[in-house]
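Everything below concerns the one structure shown next.
The values are calculated or read from the model by the stated rules, or taken from the named source; none is laboratory data. Not measured: the values here are computed from a predicted model. Heads up, the Cβs are rebuilt from the backbone with ideal geometry, glycines too, and the neighbour counts pull from every protein chain shown. The area values use the complete protein model at the heavy-atom level, side chains included, leaving out ligands, DNA and RNA. Shrake-Rupley method; radii C 1.70, N 1.55, O 1.52, S 1.80 Å.
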Amino acid sequence: IVCVVGVFYFRFQSMASNVKSQYENIKPIDLVKVTDGVYAGSFGDFLVSVKVKVTVKRHRIDEVKIVEQKCGPGYEALDTISRIVKAQSPKVDAVTGASGSSMSIMIAVNRALTGK
């Protein structure tokens with residue numbers, strides 16, 4: 001049991017570090033340079049993963065849809081979507097108590113809009 005807990009703890013810490021690193025690398029996006037359309041993006045690591053579709057109309061983020069998401073029950077961080085649309089940016093404040101899911105959504109949206 002100790003070994004399993006140790007492996008889980010190590011993997012969890014690795015995931016948290018990766019999510020934070022990816023989140024910190026999100027740079028502002030000039031939406032004027034983004035052609036109107038629907039863009040797909042994804043991100044995942046260990047306990048969290050998400051696939052999104054981002055609709056851009058008139059060079060604005062019009063809609064973000066979660067296509068698929070894996071996280072713990074109650075940790076979906078769906079408020080992140082409205083925050084992204086309101087801010088017109090993939091980098092917004094994370095939902096309290098669901099920062100891993102929030103940052104995963106932001107990373108996926110950023111990847112959708114940048115093609116990375």
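Given Leu78, Thr55, Ile1, which one lies farthest toward the positive end of the charge dipole of the chain, if we put +1 on the Cβ of every Lys and Arg and -1 on the Cβ of every Asp and Glu? Farthest towards the positive end: Thr55. Distant-in-sequence amide contacts of Asp62, defined by a placed amide H-H separation under 5 Å and a gap of 5 or more residues or a different chain, comprise Thr55, Val56, Lys57. In order along the stretch 3-9, the Karplus-derived 3J(HN,Hα) couplings, from 6.51 cos²θ - 1.76 cosθ + 1.60 at θ = phi - 60°, round to 5, 4, 4, x, 5, 4, 4 Hz, and Gly and Pro are given as x. Solvent exposure of the stretch 1-75, expressed per residue, is 70 Å² of accessible area, with all protein chains present and a 1.4 angstrom probe. When only Cα pairs below 8 angstrom with a gap of at least 6 residues are kept, the chain shows a relative contact order of 29 percent. Give the residues of the stretch 100-116 whose amide nitrogen is closer than 20 Å to a point set 7 Å from the Cα of Lys27 in the direction of its Cβ. The answer is 106-116. Note on the chain: helix-only mean residue ellipticity at 222 nm, from DSSP H runs of 4+ residues weighted -39500 (n - 2.57) and normalised by residue number, equals -13500 deg cm²/dmol. Here the 3J(HN,Hα) profile of the stretch 50-56, calculated from phi with Karplus coefficients 6.51, -1.76 and 1.60 at θ = phi - 60°, is 8, 10, 10, 10, 10, 9, 10 Hz, Gly and Pro shown as x. Please report, as a whole percent, how much of the solvent-accessible surface of the chain comes from carbon and sulfur atoms (probe radius 1.4 Å). Here carbon and sulfur together make up 56 percent of the probe-accessible area.
Could you tell me which of rounded, prolate or oblate describes the chain, using a ≥ b ≥ c as the square roots of the eigenvalues of the alpha-carbon gyration tensor, with rounded for a/c under 1.5 and, failing that, prolate when a/b is larger than b/c and oblate otherwise?
The shape class here is prolate.
Put simply, the amide H of Ser89, placed in the peptide plane, has no neighbours under 5 Å, leaving out anything fewer than 5 places away on its chain.
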